[in-house]
Every structure is written in C-alpha cells, then in structure tokens.
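Presented below is the structure to which this report refers.
Nothing in this text is a laboratory measurement; each read-out follows from the coordinates by a stated rule. In this text, all values refer to a predicted model and were calculated from it rather than measured experimentally. Cβ atoms come from the backbone with ideal geometry, glycine included; neighbour counts cover every protein chain shown.
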Amino acid sequence: MTRAARVGARLIDSNILVYRFDRRFPLKQAVARQLLRGGIEAGDLCVSFQAIVEFVAVATRGGSQVALLAHSEAQEQVDKLLAEVRILYPTASLLRIALQGCKTYRLSWFDALNWAYAEFYGCAELLTEDLQHGALIGSVIVRNPFHAVQEGIA
C-alpha cells in the first residue's frame, strides 16, 4: 500500500468526530455533520488512528458529564468510519516527524502527532480547531471548520 493519500485529501481531527454528537454546541454539530457527510461523498477524508482513539475516549467518557455515546454506539460509529474513510496508522517515521514538529514548529505533542499524520501521508489539509486557522505547517494547511462559527460569521 502506498503511503500517499489521495491528492487533495483532508485529515480530520477528533474534535470533528466528537462535535457530530455533542448537542451542547448545535452550530458546531451542524458543521461537523455537514463536513463529514460531504467528505464521505467526495471520498477525500482521512482519519488518523489517534483521532479514532480520542473520539471513543471523549464520546464515552462519563464522570461529571453525561457520555455523548454509549460504548456500543461508539463502536458502531467507529465501524462506519472504518468502512467509509481512509484510516491512517502510525509508523516509526511518522513518530519521528511528530517529534521534529514539536521542535521545529513548537507544537504540543498531540498537535504535532496530528499534524505528522497529514504531513507523512501527504494530506493537503488538516481540519482541526486546535491550531491556527490558515497556518501552513510544513506542507499542510490548517483549516478550522468552525472558524466562521467561532468568529460569529455564520
């Protein structure tokens, strides 16, 4: 299997997967749902193994909050993702790129790891709310799909 993602591929962060089910943020929920639906139809979305792990952890977390999904529902959603989008897995080279991203771009470890998936697999865009909208990091453009909602534009 080639490591290159499809030209124009977009890597989505776990926050998009979580907002799809988070009723506390209806505008972000609508954006996440539209983005996922459109990206699946276009066939240009990728999801990292890391994002799936984070999604399950956040969506099923109980504690002081009510879980967004039961474990069985989270499993069903992961099964759908596995069938509908390209899943990107970590490698030793990817981890080295992430470590370099921490040093070179002063990214936190988890942001660097997220970016490294996009860089390593050749994704044109990283869709996340965790980094600066419009930033070019290495060869990857960061897009915050919630930018208009957060800025009050939408």
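Fewest-first ordering of TYR89, TYR121, TYR19 by other beta carbons within 10 Å of each residue's beta carbon gives TYR89, TYR121, TYR19. Taking Cβ atoms as reference points and 14 Å as the exclusive limit, the residues near GLU54 contribute a net charge of -3, counting Lys and Arg as +1 and Asp and Glu as -1. With a simple spin-label model that places each label point 7 Å from the Cα along the Cα-to-Cβ direction, the separation between LYS103 and GLU73 comes to 4.4 nm. Where both bridge residues fall in the chain, DSSP classifies roughly 15% of the beta bridges as antiparallel.
Considering only alpha-carbon pairs that sit under 8 angstrom and 6 or more positions apart, the relative contact order computed for the chain is 28 percent.
From the largest down, the range 10-150 spans 38, 33, 32 angstrom on the principal axes of its Cα atoms. Angle of helix 26-42 to the longest C-alpha principal axis of the chain, folded into 0 to 90 degrees and rounded to 10: 60°.
Report the net charge of residues surrounding GLN77, where surrounding means a beta-carbon distance below 12 angstrom and charges are Lys +1, Arg +1, Asp -1, Glu -1.
Values: positive: ARG20, LYS80; negative: GLU73, GLU76, ASP79, GLU84.
Result for the local shell: -2.
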